[in-house]
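Student: I have a structure I would like to understand better, so I am pasting it below and will then ask my questions one at a time.
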Amino acid sequence: MSAGMVLEGNAWRYGRDIDTDVIIPARYLTATTPEELGAHCLEDLDPDFVRRVRPGDMLVAEDNFGSGSSREHAPLAIKGCGVSCVIASSFARIFYRNAINVGLPILECPEAVAETETGHRLRVDLEAGRVENLTIGKIYHAQPFPEFMREIISRGGLVEYVRERLREREEGGA
């Protein structure tokens, strides 16, 4: 991801209460990679989603996205199918933490959700907390990520962030 963390892609719009069992059905939890999980992302809700989604596209959903179980498989499946960002009116707290931990950018922006439809082209600046709907020419503002969270996301998640920080310490002699 670039230093400015600007993402651009098409929107896939869904409703409220999209839970982790809808994001990745339990029958696929034996999959071990984001790509394997991603092959089944949202298939019970939208059977054509994985076939039609393109790298960089974004999920847009209403309230309570990611509710349900605390499994990290859900944000991994979203990343694994190529989705670059999730924009929702609100997120379940455990999903929010898991998304950051696996390096999936997410933003709460109810105003953007209300006016975005599937197929709209979006540009998101994570540093500024700016969501731009290029299709309808509107700009929205979400709470931007603090610098340390942007760093975790840019390094691909918490595990990679910690690995790199430890490596930097070792190389620095600290």
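Table: residues versus (1) farther than 22 Å from residue 120 by Cβ; (2) touching an Asp or Glu at 6+ places or on another chain (Cβ under 8 Å); (3) among the aromatic types (Phe, Trp, Tyr).
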| site | (1), (2), (3) |
| --- | --- |
| 11 | no, yes, no |
| 34 | yes, no, no |
| 57 | no, no, no |
| 63 | no, yes, no |
| 77 | yes, no, no |
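Student: Can I ask one more? Which residue, of 45, 104, is assigned to a loop (DSSP other than H, G, I, E, B), more than 15 Å from the chain's Cα centre (by Cα) and among the hydrophobic types (A, V, I, L, M, F, W, C)?
Tutor: 45
Student: Among the residues of region 135-174, count how many are in a loop (DSSP other than H, G, I, E, B) and either touching a residue at least 40 places away in the same chain (Cβ under 8 Å) or β-branched (Val, Ile, Thr) (or both).
Tutor: The number of residues fulfilling the criteria is 7.
Student: In this structure, is residue 102 touching a Cys at 6+ places or on another chain (Cβ under 7 Å) and over 20 Å from residue 16 (Cα atoms)?
Tutor: No; evaluated as a whole, the condition is false for this residue.
Student: Could you tell me which numbered condition residue 123 fails, if it satisfies all but one of (1) modelled with pLDDT under 95; (2) assigned to a strand (DSSP E or B); (3) among the charged types (D, E, K, R)?
Tutor: Failing condition for residue 123: (1).
Student: Would you say residue 50 is β-branched (Val, Ile, Thr) and not in a strand (DSSP E or B)?
Tutor: yes
Student: Only one of these conditions is not met by residue 135: (1) modelled with pLDDT of 95 or more; (2) under 20 Å from residue 38 (Cα atoms); (3) of a type in the set (Val, Ile, Thr). Which number is it?
Tutor: (2)
Student: Same structure, new question: Determine which single condition residue 117 fails, assuming it passes every other condition in (1) over 30 Å from residue 28 (Cβ atoms); (2) touching a residue at least 40 places away in the same chain (Cβ under 8 Å); (3) of a type in the set (D, E, K, R); (4) out of contact with any Leu (no Cβ under 8 Å at 6 or more places or on another chain).
Tutor: Here residue 117 meets the rest and fails (1).
Student: Then there is this: Kindly indicate the residue of region 98-143 that is closer than 14 Å to residue 59 by Cβ and of a type in the set (D, E, K, R) and also surrounded by the fewest Cβ atoms within 10 Å (Cβ to Cβ) among those meeting that condition.
Tutor: This residue is 117.
The values are calculated or read from the model by the stated rules, or taken from the named source; none is laboratory data. As the structure is a prediction and not an experimental result, all values here were calculated from the model. Heads up, the Cβs are rebuilt from the backbone with ideal geometry, glycines too, and the neighbour counts pull from every protein chain shown.
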